[in-house]
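The values are calculated or read from the model by the stated rules, or taken from the named source; none is laboratory data. Since the model is a prediction, treat every value here as computed from it, not as a measurement. Here the Cβ positions follow ideal geometry from the backbone for every residue, glycine too, while neighbour counts run over all protein chains shown.
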Amino acid sequence: MKKITVRCIKCNRIYKSDEIIYVCRVCGGLLEIIVEYKGDISRKTFEGRDFYLWRYRELMPIIDYSKIVTLREGGTPLTRAKNLEKEFGLKELYIKNEGLNPTGSFKDRGMTIGVSKALELNVKAVACASTGNTSASLAAYAAKAGIKCYVLIPSKKIAIGKLAQAILHGAKVISIRGNFDKALKIVREICSKHNIYLLNSINPWRLEGQKTIGYEIVEQLNYEAPDTVIVPVGNSGNIYAIWKGFKEFYKYGLVDKVPRMIGIQAEGASPIVKAVKNKSVEITPIKKPETIATAIRIGNPVNAPRALKAIRESNGYAEAVSDKEIIEAQKLLARKEGIGVEPASAASIAGLKKLLEEGIIDRDEKVVCVVTGHALKDPEIIFRMYEKYVEVDPKIEEVEKHL
Ligand SMILES: Cc1ncc(COP(=O)(O)O)c(C=O)c1O
Ligand SMILES: [Zn+2]
């Protein structure tokens with residue numbers, strides 16, 4: 001009932017879907033999965049099903065639905081942010097809260113597909129390099145699937161909650177004295193040498209799960225596309241995946257327009273922003289990326305061609321925000337809307353504020369900010385950057401002094 005093809009985004013070469021391959025063998029280009037469903041796709045196809053990722057099973061690249069590995073990912077809220085609308089003077093703003101996935105980030109959408117695919121390929125071990133959330137998610141899905149999991153993390157630059165999750169779910173955690181880009185380079189070699197399945201976002205199967213963020217936004221807006229979608233960008237897979245989701249719903253006639261995609265990076269790790277502003281088709285890697293938002297502390301994003309494609313095709317844009325702006329946005333979202341996110345996620349809110357001021361986003365637009373990970377992933381940042389709490393003797397008057 002469905003045809004699944006693997007295609008190089010650079011030279012269009014086609015590969016078989018049961019091959020373990022991450023980039024084109026001929027030109028080194030990134031790979032893309034194409035799912036062609038042979039039946040009708042309409043609103044009715046999904047109606048009446050639970051609101052989670054596998055609601056869209058016809059459009060997912062897994063043949064045997066009975067063998068999927070799922071923790072009931074997806075189906076996250078799209079919340080109207082009236083208080084922030086007022087704050088920013090914006091007509092319509094929605095927050096797509098990906099922190100409410102099973103392990104607390106959007107990565108779960110990719111891992112349900114990635115680990116289901118790993119079982120389909122009959123592999124016994126999976127691995128990733130990670131700024132944190134990928135490792136937390138992969139560890140949980142590998143545990144559910146009963147396969148081994150190895151994660152490589154940059155030493156001292158991963159938020160404590162994420163590291164705790166990877167350990168909790170039983171992954172073998174290896175800390176590398178170097179940054180994420182180095183860890184990724186090593187894990188890619190280890191995987192090809194030892195027959196371990198690589199589940200970083202260079203793996204195109206993962207992005208197929210993440211594209212459902214686009215599907216869900218359309219459904220939650222009652223089959224309308226927003227004008228603009230703002231996404232925090234690190235290794236650059238997610239912005240492309242979401243864009244792919246919108247394009248597919250458009251192709252199936254489920255929505256009559258697509259939004260423009262805006263990527264936000266941290267100033268100290270913004271190679272995509274520089275490329276977009278210079279109208280370049282390639283990035284110049286940043287050797288020593290630095291930002292408080294550790295999830296997007298990436299200098300050489302492997303999916304750069306994908307992000308640049310999404311931004312170009314959608315008439316989108318990219319902007320950088322400072323660490324100070326990120327923390328201010330995190331606080332604003334938490335205190336105006338009651339939504340707690342980790343710093344990387346707050347980049348989309350900081351970006352919105354900046355782009356409204358710059359006039360790149362109009363105040364009468366319908367905007368969706370994707371927030372990618374939960375606040376509890378990185379509690380240390382809150383103790384470090386926010387006001388201190390007080391401690392007093394156990395007496396009413398002592399407490400009253402602080403009311
Ligand atoms: C919370 C959070 N936001 C954003 C990103 C960036 O996503 P991508 O690497 O797909 O650009 C990540 C990736 O680790 C993340 O963990
Ligand atoms: Zn190729």
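If you filter the stretch 24-44 down to residues that are within 10 Å of ligand 2 (Cβ to nearest atom) and under 26 Å from the mean Cα position of the chain (by Cα), you find that the one that is farthest from Tyr250 (Cα to Cα) is Gly28.
Note on the stretch 314-403: enclosed helices (runs of 4 or more DSSP H) holding 1 or more residues that are more than 16 Å from ligand 2 (Cβ to nearest atom) and aromatic (Phe, Trp, Tyr) are 379-385. Here is the figure for the stretch 10-42: residues that are in contact (Cβ under 8 Å) with a residue 60 or more places away in the chain, in a loop (DSSP other than H, G, I, E, B) and more than 16 Å from ligand 1 (Cβ to nearest atom) total 6.
Taking the stretch 81-112 as the search range and keeping residues that are surrounded by fewer than 24 Cβ atoms within 10 Å (Cβ to Cβ) and of a type in the set (Phe, Trp, Tyr), which one is nearest to Lys67 (Cα to Cα)? Filtering first and then ranking leaves Tyr94. Of all residues in the stretch 314-343, those being more than 30 Å from Lys257 (Cα to Cα) and either outside the structural domain of Ile292 (by TED's automatic domain parsing) or in contact with a Gly (Cβ under 6 Å, 6 or more places away or on another chain) (or both) number 2.
Scanning the stretch 277-296 for residues that are part of a helix (DSSP H, G or I), over 18 Å from Ile311 (Cβ atoms) and more than 20 Å from the chain's Cα centre (by Cα) yields nothing. Kindly indicate which of Ile262, Ile242, Ile272, Ile213 is surrounded by 24 or more Cβ atoms within 10 Å (Cβ to Cβ) and either within 16 Å of ligand 2 (Cβ to nearest atom) or not in a helix (DSSP H, G or I) (or both). Only one candidate qualifies: Ile262.
Return the residues of the stretch 55-72 that are in contact with a Ser or Thr (Cβ under 6 Å, 6 or more places away or on another chain) and more than 23 Å from Glu224 (Cβ to Cβ); say none if nothing qualifies. The answer is Ile62, Ile68, Val69, Thr70. In summary, Ala375 fulfils each of the numbered conditions (1) surrounded by 20 or more Cβ atoms within 10 Å (Cβ to Cβ); (2) out of contact with any strand residue (DSSP E or B) (no Cβ under 8 Å at 6 or more places or on another chain) with the single exception of condition (2). Among residues of the stretch 113-129 that are crowded, with 24+ Cβ neighbours inside 10 Å and modelled with pLDDT of 95 or more, those with a Cβ under 7 angstrom from a residue that is among the polar types (S, T, N, Q) and not in a strand (DSSP E or B), sequence gap 6+ or separate chain, pair up as Gly114/Asn203; Cys128/Thr134; Cys128/Ser135; Cys128/Asn200; Ala129/Asn200. Only one of the listed residues (Ile21, Ile4) is under 30 Å from Glu189 (Cβ atoms), surrounded by 13 or more Cβ atoms within 10 Å (Cβ to Cβ) and away from ligand 2 (no atom under 16 Å from the Cβ). That residue is Ile4. Ala347 - would you say it is surrounded by 15 or more Cβ atoms within 10 Å (Cβ to Cβ), within 17 Å of the chain's Cα centre (by Cα) and either under 21 Å from Ile158 (Cα atoms) or polar (S, T, N, Q) (or both)? Answer is yes for this residue.
When the stretch 203-253 is filtered for residues that are on the phi > 0 side of the Ramachandran plot and within 12 Å of ligand 1 (Cβ to nearest atom), only Ser236 remains.
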